[in-house]
Amino acid sequence: MLPYLSPTTIIAILIAVAVHEWAHGFAAYRLGDPTAKDLGRLTLNPVAHLDPIGTLLFLFVGFGWGKPVPVDPRYFRNYRRDGAITAFAGPLSNLILAFGSFALAKVIGIAPEVLGASGVLLAPDNQPLILNFMSELLGDMVLINLVLMAFNLLPVAPLDGSKVVQLWVPVRYDDMYEDYLQKGPWILLALIVAGHAFHLPILSWWISIILTPMLSLMHSLL
């Protein structure tokens with residue numbers, strides 16, 4: 001387990017993953033697909049959404065994913081559009097959680113403009129213990145949710161970004177894109193190995209490209 005993992009980080013991961021996967025299931029349900037509901041996945045219980053490999057990556061690498069919510073596109077009226085909406089619902093839910101956590105920190109008096117090296121919120125030393133705990137939790141909620149959002153927007157299967165991008169792939173390239181999706185897990189594995197074995201942090205670069213402007217936007221808006 002990585003040394004930065006604290007109780008608040010674990011809580012934030014469980015909440016972020018549960019809401020992310022629930023959002024997929026809820027979006028699909030609203031678009032006519034009852035599969036997630038029928039299989040008990042339309043729940044905010046984190047245990048129902050934990051994926052063994054994705055959870056291990058969270059613990060040892062710093063990013064990961066939940067157990068994919070089952071979706072049956074045969075229920076969709078428009079396969080491409082509804083599939084993209086269902087996929088985007090997960091990252092969108094994490095963005096909402098991140099902004100909500102940042103706003104709550106400001107409302108309860110935690111100084112959200114002070115950021116640590118990791119990007120988490122820092123509380124003044126003279127704050128009560130409960131506010132220190134809330135500061136750590138809300139800071140972890142901001143960071144974890146932004147990382148989960150950015151990672152899942154990567155257009156590589158089985159991540160959500162691959163399904164969102166598919167909405168704009170011309171029909172004549174469908175077969176080619178499906179072949180690309182089949183290679184997705186191997187591409188993702190190669191990106192992870194490149195970062196840790198060859199010091200090519202491509203995934204970290206991708207996450208930073210999205211995370212940094214989102215943090216700046218929070219500061220400017222809230």
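Structural remarks
- Residue among Arg74, Arg80 that alone is touching a Leu at 6+ places or on another chain (Cβ under 9 Å) and either farther than 22 Å from Asn145 by Cβ or assigned to a loop (DSSP other than H, G, I, E, B) (or both): Arg80
- Condition met for Met214 (modelled with pLDDT of 90 or more, within 22 Å of the chain's Cα centre (by Cα) and among the hydrophobic types (A, V, I, L, M, F, W, C)): yes
- All positions within the range 158-173 that are part of a loop (DSSP other than H, G, I, E, B) and without any contact (Cβ under 8 Å) to a residue 60 or more places away in the chain: Trp168, Val169, Pro170
- Inside the range 35-52, residues that are under 15 Å from the mean Cα position of the chain (by Cα) and part of a helix (DSSP H, G or I) make up a count of 2.
- Among the conditions (1) in a helix (DSSP H, G or I); (2) more than 30 Å from Ile110 (Cα to Cα), Met214 misses just one, which is (2).
- For the range 5-21, the condition of being modelled with pLDDT under 95 and exposed (fewer than 14 other Cβ atoms within 10 Å of the Cβ) holds for at least one residue.
Let's see how each residue does on (1) touching a residue at least 12 places away in the same chain (Cβ under 8 Å); (2) in contact with a strand residue (DSSP E or B) (Cβ under 6 Å, 6 or more places away or on another chain); (3) surrounded by 18 or more Cβ atoms within 10 Å (Cβ to Cβ):
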{"position": "Tyr29", "(1), (2), (3)": "yes, no, yes"}
{"position": "Pro34", "(1), (2), (3)": "yes, no, no"}
{"position": "Asp38", "(1), (2), (3)": "no, no, no"}
{"position": "Thr43", "(1), (2), (3)": "yes, no, no"}
{"position": "Val47", "(1), (2), (3)": "no, no, no"}
{"position": "Asp51", "(1), (2), (3)": "yes, no, no"}
{"position": "Phe60", "(1), (2), (3)": "yes, no, no"}
{"position": "Gly66", "(1), (2), (3)": "yes, no, yes"}
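- Thr86 vs. criteria among the β-branched types (Val, Ile, Thr), at pLDDT 95 or above and assigned to a helix (DSSP H, G or I): yes
- Residues that are in a loop (DSSP other than H, G, I, E, B) and hydrophobic (A, V, I, L, M, F, W, C) were ranked within the range 53-70; the one that is modelled with the highest pLDDT is Val69.
- Within the range 174-211, tally of residues that are in a helix (DSSP H, G or I) and surrounded by fewer than 12 Cβ atoms within 10 Å (Cβ to Cβ): 10
The values are calculated or read from the model by the stated rules, or taken from the named source; none is laboratory data. Values in this document were obtained by computation on a predicted structure and should not be read as measured data. Backbone-built Cβ (ideal geometry, glycine too); neighbour counts: all protein chains shown.
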